[in-house]
Amino acid sequence: MNPSPERNPPPRERLLDVNGLEPPEPMERALDALAHLPPGHYLRMLLHREPYLLYPMIEEDGFRFETRPGRRALFEILIWRAGDEVAERAALDSR
Amino acid sequence: MSYAGLSLDEAPPFSISLRFFLSAPPFGIAAALLLAWAGPQALASRWTPAALAAVHLMTLGYLTMVMAGAILQLLPVLAGARIARTRAVSAGLYVLLCAGTVLLAVGFLTISRTTLHWALVILIPALAALILIAGGALYGAPSRPQSGRGLGLTLAALGVTLTLGAWLAERYLTPHAPALAWTDVHLVWGLLGWVGLLVITVARQVVPMFQMTPAYPVLSDRWLARAIFLSLVVWSVIMGFAIDGRLPPWVSVLAALPIALGYGWFAAATLWLQHRRRRRLPDVTVAYWRLGMGCLLLAIGLWLAGSAIPALARNPHYAPLLGVLVILGFGVSVIHGMLCKILPFLAWLHLHRARFASGNPRATIPSMKELLPQRAARRQFRLQALSLVLLCAATLWPAVLMRPAALLLAVAFAEFWRLTIGTAWRYRRLARSAPT
C-alpha cells in the first residue's frame, strides 16, 4: 500500500495504491507522499472512491490534479506541484 | 472551493461542535444516575417522574446535543450553507439547550409546573432557532445535495416534535391536559422523525465512506427519508382522528406499518451492507451500528407483536422495554458509533488545516486511531452493550436489576466521556503546539 514502483512505471511517476483503505488513511498517505515528491515527478493515486475532501487540501498545499476513471482502481488521481511543468506534462501525457 | 458539495473553506472552527460533543455524555451519566437513584420504580411505567426526566436528559441532553453540534459543523461543509455569526449562534444555542434540558428534567422530577414552564421558555427559542438558522442556511445554500433534502425533513420533524412537546408540557398536570395518546405522536416524531431521519440521512454518507461498504440501493437512498416523513404525516393525521374517536384504533396501527417497514428496511439494508464491507478489521463504529440496527429490528418486532396481541401492549413492561430499545439501543448506539469516527476525523481535519495555516506543512499529525485509541473504544463499547442488555432485562425484573443496570450505564457513559475528552485534549495540545 506504500508508494511502490509498478512493473514498468513511467520514470517520473510515483505510485500510491490506497485502494480499499479507510478514510482518512488514503488522504494521510497521499499528503505524506506529496511532501516527499521530488521535482519533476507526479503522484498516481489509486482509490476506490473519489477523494473529494483531499482536493481542497492539496490545492491549498500548492498542488494540481487530474482525476481519471482507473484501470487498476475505480479512480486514478494524478497530482503534481503547481508550476512544475515537467511533472505536469509527464502526468497529462501518461496513460 | 467546493467539490461535490463539500466546501472546506466554509468549515466552522472545531471548538463550535466540540463543546456540544463534550457536553452530551454528562447528560447520559445524569440520566443513568437518576434511574439508579429512583431504583426499581424508575421504569415501572413510562409516566413516572424519573422516567420522564431520564428520557428527556437522554433525548435532548445527549442525542439532540450531539446532533445540533454535528449540524452546525457539517451543514457548511456538506451543503456549502453559510450560517451567519456561527460562533455567537452556537454559543447561545449551547447555553440555552443545556439550561433548558436541565430545567425540563428538574420540572418532570419535582412535578413542578413553574419549572416546566421556564424550561419551555428557554427550549422553545433555542430549538426554534436551530430549525430556522439551519433551515435558512440550507435554503440559501449554493449546492443542495441529497443529504441537504434529508436534513430539511429532519429539521421539519424537530419542529413537529417541539410544537407537540411544548403543547403537552404546557398543559401537563392541568385539567386541560391532552389525551395521553398525543405523547405517542410527540415521541414518534422525536425518535423516528428527528433522530431516525437524521441517522438515515447521515448513514448514506458515513456508512459507505467510513465502514467501507457498498452504497445503499439507489431507490432507498433517494426516497426512504421522504417516504418515512410522508408516512409520519399520514399516521399523525389518522392518530388525530383515532384519538377523537372518529376512527377505530386499528386504523392508526395500520397507518404506522409503513414507518415500521421503512425503518425495518433501513436496518436490514445497513446490516447487509456491513456484511459486505471490503475491509473486515474490527471497528468500533461498525460494532455500534450493528448493535443499533439490531435493537431497531428488535423494537420493530416487539411493536408488531404488541400491535397484534393487545394484552402484550397493555403489559406495564412493554412500553419501557420498547423505549430502552429505541432510545438507548438504537439512538445512543448509533450516535456513539458516529462520534467514534466523526470526532477524531474532525480533529484530524482541523489539525491538518492548522498545520498549513501555521506555515509548517510537514509537521506530523497523529492518525485517527491515535486521536481516539481503538482499544479503549472497544472496551467502552463492551461496557455500553452490557449495560444495554442489563437495562432491557431491568425493565422486566426491576427489583433486582434496575440499580446495577443504571449504575453500569453511568459508568459506560463516563467512559465514553473520558474517550471524547482524550481526543479533544490531544487535539488542543497539538493545535497549540503548531508554530504560528
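So, in the stretch B:159-176, of the ones that are surrounded by 15 or more Cβ atoms within 10 Å (Cβ to Cβ) and in contact (Cβ under 8 Å) with a residue 60 or more places away in the chain, which residue ends up farthest from B:GLY240 (Cα to Cα)?
My answer is B:ALA169.
Taking the stretch A:25-66 as the search range and keeping residues that are at the interface with chain B (Cβ under 10 Å from one of its Cβ atoms) and of a type in the set (Ser, Thr, Tyr), which one is surrounded by the fewest Cβ atoms within 10 Å (Cβ to Cβ)?
Filtering first and then ranking leaves A:TYR52.
In the stretch A:15-24, what residues are more than 10 Å from chain B (Cβ to nearest Cβ) and either part of a strand (DSSP E or B) or not β-branched (Val, Ile, Thr) (or both)?
Of everything in the stretch A:15-24, those that are more than 10 Å from chain B (Cβ to nearest Cβ) and either part of a strand (DSSP E or B) or not β-branched (Val, Ile, Thr) (or both) turn out to be A:LEU15, A:LEU16, A:ASP17.
What's the number of the condition B:PRO282 fails, among (1) exposed (fewer than 15 other Cβ atoms within 10 Å of the Cβ); (2) touching a helix residue (DSSP H, G or I) at 6+ places or on another chain (Cβ under 9 Å); (3) free of Cβ contacts under 8 Å to residues at least 40 places away in the same chain?
Of everything listed in (1) exposed (fewer than 15 other Cβ atoms within 10 Å of the Cβ); (2) touching a helix residue (DSSP H, G or I) at 6+ places or on another chain (Cβ under 9 Å); (3) free of Cβ contacts under 8 Å to residues at least 40 places away in the same chain, B:PRO282 misses just condition (3).
If only one of B:LEU257, B:LEU247, B:LEU232, B:LEU261 is touching a Phe, Trp or Tyr at 6+ places or on another chain (Cβ under 7 Å), of a type in the set (A, V, I, L, M, F, W, C) and at pLDDT 95 or above, which one is it?
B:LEU232
Filter the stretch B:216-229 down to residues that are of a type in the set (A, V, I, L, M, F, W, C) and either touching a residue at least 24 places away in the same chain (Cβ under 8 Å) or surrounded by 15 or more Cβ atoms within 10 Å (Cβ to Cβ) (or both), then give me how many there are. Working first, answer last.
Going residue by residue through the stretch B:216-229, those that are of a type in the set (A, V, I, L, M, F, W, C) are B:218-219, B:223-225, B:227-229.
Within this subset, residues satisfying the condition of being either touching a residue at least 24 places away in the same chain (Cβ under 8 Å) or surrounded by 15 or more Cβ atoms within 10 Å (Cβ to Cβ) (or both) are B:224-225, B:227-229.
Looking only at that region, the number is 5.
Within the stretch A:81-93, track down each residue that is away from chain B (no Cβ under 14 Å) and in contact (Cβ under 8 Å) with a residue 40 or more places away in the chain.
A:ASP84, A:VAL86, A:ALA87, A:GLU88, A:ALA90, A:ALA91
Would you mind stating whether B:VAL206 is surrounded by 15 or more Cβ atoms within 10 Å (Cβ to Cβ) and aliphatic (A, V, I, L, M)? Even if it seems obvious, please write down each step before you answer.
Details: surrounded by 15 or more Cβ atoms within 10 Å (Cβ to Cβ): yes; aliphatic (A, V, I, L, M): yes.
Criteria met by B:VAL206.
So, in the stretch B:264-287, exactly how many residues are aliphatic (A, V, I, L, M) and either more than 24 Å from the chain's Cα centre (by Cα) or on the phi > 0 side of the Ramachandran plot (or both)? Write out each step before concluding.
Residues of the stretch B:264-287 that are aliphatic (A, V, I, L, M), as a first pass: B:267-269, B:271, B:273, B:281, B:284, B:286-287.
From what's left, either more than 24 Å from the chain's Cα centre (by Cα) or on the phi > 0 side of the Ramachandran plot (or both): B:281.
Of the residues in that region, 1 qualify.
The values are calculated or read from the model by the stated rules, or taken from the named source; none is laboratory data. Because the structure is a prediction, the values reported are computed rather than measured. Note that we place each Cβ from the backbone using ideal geometry, even for glycine, and neighbour counts take in every protein chain shown.
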